[in-house]
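> Encoded as structure tokens, here's the structure I'll be asking about.
The values are calculated or read from the model by the stated rules, or taken from the named source; none is laboratory data. Worth saying up front: this structure is predicted, and the values here are computed from it rather than measured. Quick reminder, even Gly has a Cβ in these numbers, built from the backbone with ideal geometry, and neighbours come from all protein chains shown. Side chains are part of the model used for accessible areas, which takes the heavy atoms of the whole protein and leaves out ligands, DNA and RNA. Shrake-Rupley method; radii C 1.70, N 1.55, O 1.52, S 1.80 Å.
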Amino acid sequence: MKDVLRELKELKPASVEDPTIDNTPDETTHPNESDDDTDDEGGDLGEDLSPEEMKIAESAIIVVSDTLTAIKELIRFITGLLRPSKPADNDNKSVDSLEGLLRLCKEIGIQIDELGACLYPPQEIPALKLGADKISDNVREIQAEIRKFEECSHDSLFQACECLATSLTKMKTELDLSETRTKMQNLAVSS
């Protein structure tokens, strides 16, 4: 997830270019440079985002950051569970819950990877919405699993999960707005 966050922070808005300037590559300027060399140099192929795409990317950066915070809080919570010794009766329940939490965290990690991939132009709005919904579902399941551990404090974890839920809602709103704008533009063009 940290890699996805780092990559998303490297996304940049498309530069506004002067249409009167010819920006086509001149082969005489860089005779020894192949197309592959220029792609490796900056890695900027397809990374320039329109202002609308940049808004979506910025909301996704917040989601990924909040996800990392929630996962860190979950790790703190689990570490707290492992410190005190528990009665043997709860061991099976605890193991099942911990395995469930691990599964949910893995699913969130997969969704974060897919979310990051969908943000490169052209952005895949339906896939982004689906990923946000899956992450929301997983967060609710994590909260349900955590409630089973009544003897442990989980306030900071729940607060991190609520913060993540809020940022997911904001991202979904941004995605809905983008989808609406696209539909409106298509209507205007077809009229």
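> Tell me the Kirkwood hydrodynamic radius of region 96-191 in angstroms, computed as one over the mean inverse distance between distinct C-alpha pairs. Show your work: numbers first, answer last.
Working: mean 1/r = 0.0662 Å⁻¹.
The Cα-based Kirkwood calculation yields 15.1 Å.
> All other residues with a Cβ under 12 Å from the Cβ of Thr79 taken together, and with Lys, Arg as +1 and Asp, Glu as -1, what is their net charge? Provide the component values of the computation, followed by the final result.
Details: positive: Lys72, Arg76, Arg83; negative: Glu73.
Neighbourhood net charge equals +2.
> If you don't mind, there's one more thing I want to ask. I'd like the accessible area for Thr169: 1.4 Å probe, protein heavy atoms, all chains in place, Å² to the nearest 10.
For Thr169, solvent-accessible area is about 80 Å².
> Could you put Leu102, Leu164 in order of accessible surface area, largest first, with the 1.4 Å probe and the full protein assembly present?
Numbers: Leu102 95, Leu164 0 Å².
The residues order as Leu102, Leu164, largest area first.
> Let me ask something additional. Which of Lys2/Lys183; Lys12/Lys106; Lys2/Lys134; Lys55/Lys148; Lys72/Lys148 have a Cα-Cα distance over 27 Å?
Working: Lys2/Lys183 34 Å; Lys12/Lys106 29 Å; Lys2/Lys134 19 Å; Lys55/Lys148 38 Å; Lys72/Lys148 19 Å.
With Cα atoms farther than 27 Å apart: Lys2/Lys183; Lys12/Lys106; Lys55/Lys148.
> While we're looking at this one, here's another question. Let me check something: with ligands and nucleic acids excluded, how do Met1, Met184, Met171, Met54 order by accessible area (1.4 Å probe), largest to smallest?
Working: Met1 60, Met184 115, Met171 0, Met54 25 Å².
So the residues, ranked largest to smallest area, are Met184, Met1, Met54, Met171.
> For the full complex of protein chains and a 1.4 angstrom probe, list Arg181, Arg83 by accessible area with the highest value first.
Details: Arg181 80, Arg83 185 Å².
Largest accessible area first, the residues go Arg83, Arg181.
> Tell me the accessible surface of Arg140 in square angstrom (1.4 angstrom probe, heavy atoms of protein chains only), to the nearest ten.
Here the accessible area works out near 140 Å².
> A follow-up question, please. Keeping all protein chains in position, work out how much accessible area Lys148 exposes to a 1.4 Å probe, and write it in Å² to the nearest 10.
Around 90 Å² of this residue is reachable by solvent.
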